[in-house]
Amino acid sequence: MDLGLNGKTALVLGASRGLGRAIAAGLCAEGATVLAAARHPSDIEAWRADLPPDQQTQLTAFHADLADRASIVALAERVVRDGGVDILVNNSGGPPPGAISTFSDEDWIAHFTVMASRFFLLASHLVPGMRERKWGRVLTVGSSGIMQPIAGLGLSNGIRGAIAGWSKTLSNEVAADGVTVNMLIPGRIHTDRLDQLDGAAAQRDGLTRDDVARRSLRDIPAARYGRPEEFADAAVFLASERASYITGSQLRVDGGMIRSV
Ligand SMILES: NC(=O)c1ccc[n+]([C@@H]2O[C@H](COP(=O)([O-])OP(=O)(O)OC[C@H]3O[C@@H](n4cnc5c(N)ncnc54)[C@H](OP(=O)(O)O)[C@@H]3O)[C@@H](O)[C@H]2O)c1
């Protein structure tokens with residue numbers, strides 16, 4: 001299937017490792033030009049060297065710190081000045097674990113800023129150009145906690161619910177202009193973040209990290225963690241021409257983990 005991504009341009013946030021890296025690499029493999037951003041662009045440049053030589057020139061690394069408003073506005077203005085992007089992939093680091101009752105209002109504001117409102121800010125700069133050009137894709141990486149709250153991830157569950165409301169509302173506002181807005185819902189995809197969360201759970205419960213992983217697998221019908229590339233395949237499809245009539249959706253990439261229908 002030709003995904004129709006050749007010649008499209010994408011901005012992928014949180015692209016130095018994990019899910020963002022896999023999505024950026026997946027878009028390159030389909031012929032897109034990728035602006036890959038994170039706080040450590042040198043990490044992006046390091047993994048770019050592993051791409052096939054003809055794809056390496058399609059990817060440019062940018063510095064962006066979602067905690068720093070000026071950095072995000074500068075990135076957005078530069079992208080708009082250079083003609084905008086067809087695809088925006090909202091992705092960032094996850095918040096620290098903890099029971100929902102343990103966080104202060106300062107915690108909520110700080111993490112909402114990094115995990116949510118900076119995405120909204122970037123979209124406010126980049127979506128108008130997509131609407132003018134009558135083609136665009138906005139993808140946001142969420143979490144299974146949106147559909148089935150994850151114990152011990154209070155900040156994540158709370159903030160990502162707000163992103164789900166934003167994504168669905170935006171999808172309705174821009175659908176008639178050929179811009180689709182969707183969320184990707186990872187279950188347990190094997191990245192550094194997952195290793196850190198399993199490590200924290202092991203410490204909390206007096207287990208080894210392998211014990212925690214085995215315990216997690218009991219809740220996953222596929223009986224394994226997902227690979228970042230499997231997650232990226234779903235993202236690349238949603239970003240593609242072929243997904244033109246899918247909008248306002250939340251696509252689970254979870255090996256069946258979320259229990260609801
Ligand atoms: N993996 C899973 O199974 C899973 C499940 C549910 C939800 N999620 C969520 O999906 C997202 C990505 O997950 P992941 O596993 O790929 O996480 P990860 O391995 O921790 O990667 C996070 C990425 O975000 C970047 N980042 C972190 N803070 C940033 C900031 N302030 N500004 C700009 N970039 C920043 C990091 O790069 P730099 O350090 O270079 O900035 C890195 O590229 C996270 O929000 C996570 O909570 C993941």
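Where a number appears in this text, it was derived from the coordinates with a stated rule and is not lab data. Fair warning: this is a prediction, and the values are worked out from it, not measured in the lab. Positions of Cβ are generated from backbone atoms using ideal geometry, with glycine treated the same way; all protein chains shown enter the neighbour counts.
So if I place +1 on the C-beta of Lys and Arg and -1 on the C-beta of Asp and Glu, and nothing else carries charge, what would the dipole magnitude of the chain be about its Cα centre? I want it in debye, nearest 20.
The calculation lands at about 420 debye.
Would you mind telling me which residue in S101, S117, S71 has the biggest mean-square fluctuation in a Gaussian network model of the chain, where springs connect alpha carbons within a distance under 10 angstrom?
S101
In the range 161-232, which GluC sites (Glu not before Pro) are in a loop and have at most 10 other Cβ atoms within 10 Å, using DSSP for the loop call?
Taking the range 161-232 and a limit of 10 other Cβ atoms within 10 Å, no loop GluC sites (Glu not before Pro) are found.
Given the options A116, A67, A202, which has the most mean-square fluctuation in a GNM of the chain, springs set between C-alpha atoms less than 10 angstrom apart?
Fluctuation is largest for A202.
Could I have the simple spin-label model distance between I100 and E230, label points 7 Å from Cα toward Cβ, reported in nm to one decimal?
Here the modelled spin labels are 2.9 nm apart.
Excluding M257 itself, calculate the net charge of residues whose Cβ lies under 12 Å from the Cβ of M257, where each Lys or Arg counts +1 and each Asp or Glu counts -1.
Details: positive: R188, R218, R224, R252, R259; negative: D219, D254.
Summing Lys and Arg as +1 and Asp and Glu as -1 gives +3.
In deg cm²/dmol, rounded to 500, what helix-only [θ] at 222 nm does the chain give when every DSSP H run of at least 4 residues adds -39500 (n - 2.57) and the total is split over its residues?
-14000 deg cm²/dmol
Which FRET efficiency value, to the nearest 0.05, is calculated for A176 and D43 with the Förster distance at 35 angstrom and r the Cβ-Cβ distance?
Here the calculated transfer efficiency is 0.35.
Provide the gained length on full extension for the span Y245 to A110, in nm with one decimal, where the gain is 0.36 nm per separating residue minus the Cα-Cα distance.
Taking Y245 through A110 to full extension adds about 45.1 nm, to one decimal.
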